[in-house]
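Encoded as C-alpha cells, the structure appears first; notes follow it.
Please treat every number below as a calculation from the coordinates, not as lab data. Just so it is clear, the model here is predicted, and its values are computed rather than measured. No Cβ is skipped: glycine too gets one built from the backbone with ideal geometry, and neighbour counts run over all protein chains shown.
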DNA sequence: CCGGATCCGGGTTGATACTG
DNA sequence: CAGTATCAACCCGGATCCGG
C-alpha cells in the first residue's frame, strides 16, 4: 500500500504493518517462530497465496521478518520474526485485548484455530503457586498441542508437545481458554466436555477454583 | 473492508480499526477531542473527503466514535471518541512508539503537523520536580498552540492556549519535542532556533539539563 | 467556508488455476 | 511444498460539484 507520508511514529508504523493481513502474519509468527509458508497459509484462513507471498517479501524488506533456508531434514525455508518484529508483541497484545470483547459477537462462520489461544494465554495466564515445583501441562484440541510450562515463577506457553506433562487437557480451544483464564470453574468445564487426565492440581495451579488450595493462598482474604 | 472472519481478538480489532486511515483518525481524536470534519481532514493530509466520510460512518456504527450536533455558536457537528474508542490509546501509543525509530528515515516530502507531538509528549514527558507549585508552559509552532500543565505530580498535554503560562516555547515542533524529551540540551535548542520567553526554569522542570537544579534532584547520583 | 456526495481511473485484493 | 499467473471485483485517491 502507499505510504501515508506523515512524519509521525504511528503513521510510519502503519506504513510497515498497516496493510491488510500483515499484523495477522505477525501474530502467527509470534505464536510459532519458524513457520513454513504453508503453516502461515493454514494459520490465516482466507489469505490468497499471492498476497501472502507479497507480504512476506515486504516484511522482509522492512526488517520485520527474516527468511532462513533450512538444510535437510527440514529442507525448506522457515520464516522468523527479527528482534524488531518481536518488538511488536506488546502492541499486538494490546490490540488483541481491545478486540477481545468483540469475540462474544463472533459469528458461527468465523474460523477457529486452536493455536490462537496462545497469545491470550501468554498475556493473562498466572501461576498461582509460583513456589511449587516446575510443572508442564499439555493442551490438546485440533492441530498441534500447546504446552504450558511453569518454573520458578516464570510461565511459558509454546506450540508443541510436552516431554512429561503432569496433566493433559482435552477439549475445544474456547472452553480450555475459558477454564484457564478463570471464566469457567473446573467442574463446569468438565461437564461442558473438557477432559482432564493426570494431576488435576496441576491444572488448578493456573485455574484455581473454590475447591482448590491455590484459590485460598492466591486470594487475599 | 471485509472481515477476516477469524475468532481471534486481534482479527476482530482489525475488522474495526484495521482499515486504511482508521487508526490515524483515532490519533487525531485522541489529540483533540471534539473535531470538526474539516479539522480531521486538515490533520490527515492526503485523505479523500469521501473516504473520511465513509470511515466516520463505520466508526460510529462500531461504537468507536460518536457524533454530536452542537448548537450555535459552534453550529456544526463535532466528532468525539467514545469510552471504547479512548480505550485504544494504549495500543495506539505502543504502535506509535514502535514506529518512532523510523522517523529518522523520514523523507523531506513527509507532512509535518505540529500537533502530532502531543501523543509522544503525553507518553514520555516527565515532571522532574512534581512537588513544585503548579505551572503551565505553552508551545508554539504552526497551528494551534499546545499547553503542558503540571500540578501535584499530574501532567496534562492539551491543544489550546494557556491562561497564564510561566513560559512560552517557540520553534519547530521537531526541535521542541527533542528538547522536552531530553534529546537536546536547552542551550543547543536555543542556538538551533528555539525561542523561550518567560521562566526558563519552568522549561527545565520537564527538560532538565546539566545546569538545572531539577537535573540534580531528579537524577540518582 | 463547511460537510459532505458523486464520479472516474488506477491500484489492490481475493479466488482459483497452474508450475517447478 | 512454495510459490507464480491470471483475472474479476472491489477499494482508494483525486477532482468536481453542491446544499447550507
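What does the copy distance list look like for residue B:63, label position 7 Å along Cα→Cβ, in nm and ordered from shortest?
4.0
Count the DSSP beta bridges whose two residues both fall in segment B:90-221, then state the antiparallel fraction as a percent rounded to the nearest 5.
DSSP beta bridges in segment B:90-221 are roughly 80 percent antiparallel.
Within 10 Å of each residue's Cβ, count the other Cβ atoms and sort A:177, B:51 from fewest upward.
In order of increasing Cβ crowding within 10 Å: B:51, A:177.
Quick one: helix B:22-31 against the long Cα principal axis of chain B, what's the angle to the nearest 10°, folded into 0 to 90?
The angle comes out near 40 degrees.
Tell me whether the protein assembly as shown comes out rounded, prolate or oblate; compute the Cα gyration tensor, take square roots of the eigenvalues as a ≥ b ≥ c, and use a/c under 1.5 as the rounded threshold.
Note, shape of the protein assembly as shown comes out prolate.
Under the rule a/c < 1.5 gives rounded, and otherwise a/b versus b/c splits prolate from oblate, where does segment A:97-152 land using the Cα gyration tensor?
Taking the square roots of the gyration eigenvalues as a ≥ b ≥ c, segment A:97-152 is oblate.
Give the shape of chain A as rounded, prolate or oblate, defined through the alpha-carbon gyration tensor: a ≥ b ≥ c are the square roots of its eigenvalues, a/c under 1.5 means rounded, and otherwise the shape is prolate if a/b is larger than b/c and oblate if not.
Prolate is the answer for chain A, as a/c is 1.5 or above and a/b outweighs b/c.
Top mean-square fluctuation among B:19, B:127, B:39, Gaussian network model of chain B, C-alpha springs under 10 Å?
Highest fluctuation of the listed residues: B:19.
GNM, chain B, Cα, under 10 Å: largest mean-square fluctuation among B:126, B:20, B:67?
B:20
Rank A:70, A:60, A:185 by mean-square fluctuation in a GNM of chain A with C-alpha springs under 10 angstrom and give only the top-ranked residue.
Of A:70, A:60, A:185, the most mobile in the Gaussian network model is A:70.
Roughly how large, in nm² to one decimal, is the mean projection of the convex hull of the alpha-carbon atoms in segment A:114-220?
Over every viewing direction, the Cα hull of segment A:114-220 projects on average to 6.0 nm².
For segment A:33-52 and segment B:149-168, what is the separation of their C-alpha centers, rounded to whole Å?
Taking the Cα centre of segment B:149-168 as reference, the centre of segment A:33-52 is 50 Å away.
What does the copy distance list look like for residue A:190, label position 7 Å along Cα→Cβ, in nm and ordered from shortest?
7.5
Using Cα pairs under 8 angstrom and six or more residues apart, how large is the relative contact order of segment B:9-105, in percent?
For segment B:9-105, the relative contact order is 27 percent.
Output, in nm with one decimal and in ascending order, the distances from the residue B:126 label point to the matching label points of the other copies (7 Å from Cα along Cα-to-Cβ).
Between copies, matching label points for residue B:126 lie 2.8 nm apart.
Between the helical axis of B:49-61 and the dominant principal axis of chain B, each derived from Cα atoms, what acute angle in degrees is found, rounded to the nearest 10?
80
To the nearest 0.05, how large is the calculated FRET efficiency for residue A:78 and residue B:36 if R₀ is 56 Å and r is the Cβ-Cβ distance?
The value I calculate is 0.65.
Tell me, in nm to one decimal, what length is gained between residue B:102 and residue B:69 on full extension, where the rule is 0.36 nm per residue of separation less the Cα-Cα distance?
Full-extension gain reported as 8.0 nm.
What percent does the relative contact order of chain B come to when contacts are Cα pairs within less than 8 Å and at least six residues apart?
After rounding, I find 14 percent.
What is the angle, in °, between the Cα long axis of helix B:89-99 and the longest principal axis of the Cα atoms in chain B? Nearest 10 is fine, range 0 to 90.
So the inclination is approximately 70 degrees.
Using Cα centres only, tell me the gap between segment A:64-123 and segment A:188-205 in whole Å.
Result: 26 Å between the Cα centres.
Per residue of B:97-107, count partner chain C-beta atoms within 10 Å of its C-beta, then hand back the mean as an integer.
6
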